[in-house]
Amino acid sequence: MKPKGAAVQNNPHTTLITSTAPVAPHTHGGRAKCLQRLVRLEMPVPRTVALSFDAVQRIAEGQIPDLAAILEQFEPTALLCVRPSSEDPDWGGPGAVLNIGMNEARFAELSNSMGDELAAAMYLRFVQSYAIHVARLDADVFDEIDEDGVAGLKRTLHAYEDETDEVFPEDRGEQLIGVLRSMARAWDGTSARLLRQAKGAPADAGLGLVIQEMIPGVGQGECGSGVLQLVDPTTGMPQITGRYLSQSQGRDALGEDVSALYLEKDPRGPSLEEVAPNAFADLKSQAALMREKLREEMQVEFVIQNGNVHILDGVRVQRTSRAAMRIAVRLAEDGIIPPQEAVMRVDPHALNELLHRQVHPEAERDVLTTAIGASPGASTGKIVFTAAEAQASAARGEACVLVRRETSPEDVRGMHAAVAVLTEKGGMTSHAAVIGRGLGLPCIVGASEMRFQTKKKMLTTPDGRVFKTGDVLTIDGSSGQVLAGQPEMLEAALDDCFQTLMGWADAERDIEIRANADTPADAQTARNFQAQGIGLCRTEHMFFDPGRLIVMREMIFAQTSSGRAAVLERLLPMQRDDFVQLFRIMEGQPVCIRLFDPPLHEFLPTTRGGQRELAEALDLPVSDVERRVSAMTEYNPMLGLRGVRLGVTVPEIYDMQARAIFEATLEARKNGAPVVPEVMIPLVSAKREVELVKSRIDSVAAAVAAEKGQEFEYRLGVMVETPRACLRAEEIAPNTAFLSFGTNDLTQMTYGLSRDDAGRFMSAYVRRGVFTEDPFHVLDADGVGELLKLGSERGRAAQPDVTLSVCGEHGGNPESIAICRDLGFDYVSCSPFRVPVARLAAAQLAISSRLGG
Ligand code: PEP
Ligand code: MG
């Protein structure tokens, strides 16, 4: 009997897949739709019937579909398989069940054509999967059966009968109904639902099923089955990968099983290409056609029967993020998809990983703990517990991981020397996190489940293992995992393919991306990643160099304004050199320099020994030093004498910095395109603060111009990082060329949530749904976003030309960039290593808003 299509074609829920059948992903699922596409491409796809979401739902509820109409589509002796077909194939579904229809009669027939052993193996596999999935027996029922072949089959059938008190069903229809019902019900199970929801499936996602005729894969010529794809799923490089099991090859002269063949010719052993060259060539061209027409790298599932290729299925190749980028770019370069689509296909969050070395996806991981991955990438090194040890280790040429309870500005040099940082305390915007991201240094913070005994130089893991100085750790800042030892790594993927994608992204983007860069090395990274200027240079880091620290300390101990100014004179040339270097690297682009921000006591030693040394260096009694340190101590330093408050009360520091900036501007432009320096005042909350600082800075500019006999341009702006500055933006804006929202402090102050301490309970808060995300990581659209909206609207109302931007850590986060773009900001500024992520995310926003998304 030749099957007909009419009966099932009339039933919208049970559809024979033909090129014109009404099959859609939202009614029959992605696999059914893909099979229809393959049919349209006239590929040799076995006969397939698709059951709609509705039909499967009804089966789950106990309604039997029109079985006769389904079975009529297939030869009476054909074996069938059933596979899941969810709307998005990534949502998964119950495992496929093969060889439905196996029974004593089929077994006898197949034993004749393929031999007892193979036929028994097929039957046995079906009985086991039926027993487990349909009859719901425990898998261990069959554990004791250690024979293969016919004996094993017999024992398996007996075990089935013993456990179920029923004989194994012989009827293909009865078997099929059982399988359909078990798969339909499996989809409704709690764990299946949670699993797919974690992959983004809606709560009411439907399941379709496809019933396909199986190709026996036995005959005179080459027979076998396998999967093939045209790319390497780890790198995305063009390369035939997959596997092939040949039924015809059997065993070699030594009795070894040689049924697993290479696909392409390979010196290591026989290949499908040699055994069946025509089939191999056919398969390759079908795979290429699939790639071209389905506009995707596909894994082809195939059977070869008597040397002829049958295509059972095509599924999107599973891939790493680096492969995803290369695949998208190659599809666009081959003209299969437009470049804009390639830009849309790469996940900006995943791009972050590609910019750094990573732990190889297949490497074994000995995970000691998981905490906040504050700066992505992975590095391996020997443990050190102090910045000084880190520097010594770097001097010996040994990679080291700096382990601290938390870091402070004094640790920055140690961080420069280390290959990774691990801290017990902190969150996404704590000191270690911000500096780590700036340096592109893998960093994990908030690892509070470990015991940090830095004085004893011991680190104890939650399971009691002790790590000491010199022991080897790997910090995977992408996943937040602290690993023992040295797993295999994958290098960063900053190749041509990355550059091509970035070029396409830039052509679409409509918001500028700058970088936060404090040092020449940061600036060079920013330039390499094609940042459009520096949006934040935190100048305080420049004062922690040992030669400068002592001058800073002298300045803090100066009694009078003129005494302070005299000491600062010595810092001026050093600071000017810093800026000359930055301006030369960034030539032709804007550079925004933030005036001094932290509380001064951060520059004073905290230990008794340090205070004694300082007393010696300044030739003061140690009691004077102690008194000064204690006088400067604040209960809440982050809300104390810092930022513009220092600028107002100790104005000599800003005077010196302004002079250094302006002199450097003139110096740098002697050889190179001029930069327009932007001078930014931090922590402003009142208009008068800006007026006071502005008048001094304007007069320094006038003095420098007069002394040098040269005019120059500069822009003065305000960092909006207190809620009051947002609310009063209308009166602040007229005095400024730009308003740059410092969303780290703004988030801290809006929530009243310490950025350095929040790490201790942030994960509990997110887990319990108090916050949907860490607000230091993803900008809080409802609260902090509202302040950004108010601040920008009020600022623009007073000064329509005011430049608006974000320079907090959120500037590199795709969701936060969307908020800034919606508010019409001119640019976002983020850590140099996040610049490509921001460029890609901004391009995607522009493309989707153009498409009305
Ligand atoms: C901010 O507060 O958002 C900011 C960029 O400054 P810092 O992180 O240096 O406080
Ligand atoms: Mg700040």
Surface share of carbon and sulfur [accessible, 1.4 angstrom probe, percent] for the chain: 49
Using modelled amide H (1.01 Å from N, peptide plane; none on Pro or chain starts), what sits under 5 Å from the amide H of Ser375, excluding residues fewer than 5 places away? Cys443
Given charges at Cβ of Lys, Arg, Asp, Glu: the chain dipole, positive-most of Gln73, Gly426, Ser562: Ser562
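With a cut-off of at most 12 other beta carbons within 10 Å, and DSSP calling the residue loop, which GluC sites (Glu not before Pro) in region 384-488 qualify? Please list them.
Those satisfying the criteria are Glu488.
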Computed about the Cα centre, the charge dipole of region 525-677 from +1 Lys/Arg and -1 Asp/Glu charges at the Cβ has a magnitude in debye, to the nearest 20, of 340
Looking only at lysines whose Cα falls under 17 Å of Lys284's and that sit 8 or more positions away or on another chain, we get Lys265, Lys293
Rounded to a whole number, what is D in µm²/s for the chain from Stokes-Einstein with the Kirkwood radius over alpha-carbon pairs (4 °C, 1.567 mPa s)? 41
At 1.4 Å probe size, with no ligands or nucleic acids counted, give the accessible surface of Ser113 in Å², nearest ten. 70
Per residue accessible area of region 183-252, 1.4 Å probe, in Å²: 47
Once each part is reduced to its C-alpha centroid, what is the distance from region 99-168 to region 599-647 in angstrom? 80
Accessible area expressed per residue, region 259-383, with surrounding protein chains retained (probe 1.4 Å, Å²): 41
If the limit is 26 Å between Cα atoms, which of Lys425/Lys687; Lys687/Lys708; Lys382/Lys456 go over it? Lys425/Lys687; Lys687/Lys708
Hey, got a sec? Which GluC sites (Glu not before Pro) in region 37-131 land in a DSSP loop and have at most 13 other Cβ atoms within 10 Å? Glu42, Glu61
Dipole moment magnitude, nearest 20 debye, region 1-126 about Cα centre, only Lys, Arg, Asp, Glu C-beta charged: 340
Using the charge dipole of the chain (Lys, Arg: +1 at Cβ; Asp, Glu: -1 at Cβ; taken about the Cα centre), state which of Pro94, Pro216, Pro169 has its Cα farthest towards the positive end. Pro94
Using the beta-carbon distance between Gln710 and Ala507 and R0 = 51 Å, what value does 1/(1 + (r/R0)^6) give for FRET efficiency, to the nearest 0.05? 0.85
Solvent-accessible surface ranking, highest first, for Asp165, Asp624 at 1.4 angstrom: Asp165, Asp624
Output the relative contact order of the chain, whole-number percent, from Cα pairs under 8 angstrom with separation of 6+ residues. 9
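Give me Rg over Rh for region 88-223, both radii from the alpha carbons and Rh done the Kirkwood way, two decimal places.
Using only Cα positions, Rg/Rh for region 88-223 is 1.02.
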List the residues, sorted by chain then number, that are 5 or more residues from Arg514 or on another chain and whose placed amide H is less than 5 Å from its amide H. Gln532, Val828, Ser829, Cys830
Relative to the Cα centre, what is the charge dipole magnitude of the chain, using +1 at the beta carbon of each Lys and Arg, -1 at the beta carbon of each Asp and Glu, and rounding to the nearest 20 debye? 2520
Quickly work out the Ala617-to-Ala395 label distance, labels modelled 7 Å from Cα along the C-beta direction, and quote it in nm with one decimal. 1.7
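Within 10 Å of each candidate Cβ there may be at most 14 other Cβ atoms; applying that plus a DSSP loop requirement, which GluC sites (Glu not before Pro) in region 541-637 survive?
Passing sites in region 541-637 are Glu634.
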Out of residues 5 or more away from Phe741 or on other chains, whose amide H comes under 5 Å of its own, with H placed 1.01 Å from N in the peptide plane? Val720, Ser805, Val806, Cys807
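Could you work out the relative contact order of region 719-777? I mean the mean sequence separation of Cα pairs under 8 Å and 6+ apart, divided by the number of residues, in percent.
Working: 40 pairs, mean separation 18.1, N = 59.
Relative CO of region 719-777 lands at 31 percent.
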Taking a probe of 1.4 Å, how large is the accessible area per residue of region 598-680, in Å²? 46
Which part of region 200-229 falls in the paramagnetic zone of Ser259, meaning amide N under 11 Å from the point 7 Å along Cα-to-beta-carbon? 224-225
Loop by DSSP (not H, G, I, E, B), at most 16 other beta-carbon atoms within 10 Å: where is the longest site-free stretch of the chain for trypsin sites (Lys or Arg not before Pro)? 466-767
Tell me, what ³J(HN,Hα) does each residue in region 556-570 have, in order and in whole Hz, if you take phi through Karplus 6.51 cos²θ - 1.76 cosθ + 1.60 with θ = phi - 60° and put x for Gly and Pro? 5, 8, 5, 7, 10, 4, 5, x, 4, 4, 5, 5, 4, 3, 6
Using only alpha carbon positions, build the gyration tensor of region 335-415, then give the equivalent ellipsoid semi-axes as the square roots of 5 times its eigenvalues, largest first, whole angstrom. 35, 15, 13
Projected onto the charge dipole of the chain (unit charges on the beta-carbon of Lys, Arg, Asp and Glu, signs +1, +1, -1, -1), the Cα from Ser740, Pro22, Met489 with the largest positive-side position is that of Ser740
Along region 208-224, Karplus-curve 3J(HN,Hα) (6.51, -1.76, 1.60; θ = phi - 60°) to the nearest Hz, with x for Gly and Pro, reads x, 10, 10, 10, 10, 6, 8, 8, x, x, 10, x, 6, x, 5, 9, x
Whole-Hz Karplus couplings 3J(HN,Hα) for region 826-834, θ = phi - 60° and coefficients 6.51, -1.76, 1.60, Gly and Pro as x, run 7, 7, 10, 10, 9, 3, x, 6, 9
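The values are calculated or read from the model by the stated rules, or taken from the named source; none is laboratory data. Worth saying up front: this structure is predicted, and the values here are computed from it rather than measured. For neighbour counting, all protein chains shown are included, and Cβ atoms are generated from backbone atoms with ideal geometry for every residue, glycine included. We work out accessible area using only protein heavy atoms, side chains counted, and drop any ligands, DNA or RNA first. Shrake-Rupley method; radii C 1.70, N 1.55, O 1.52, S 1.80 Å.
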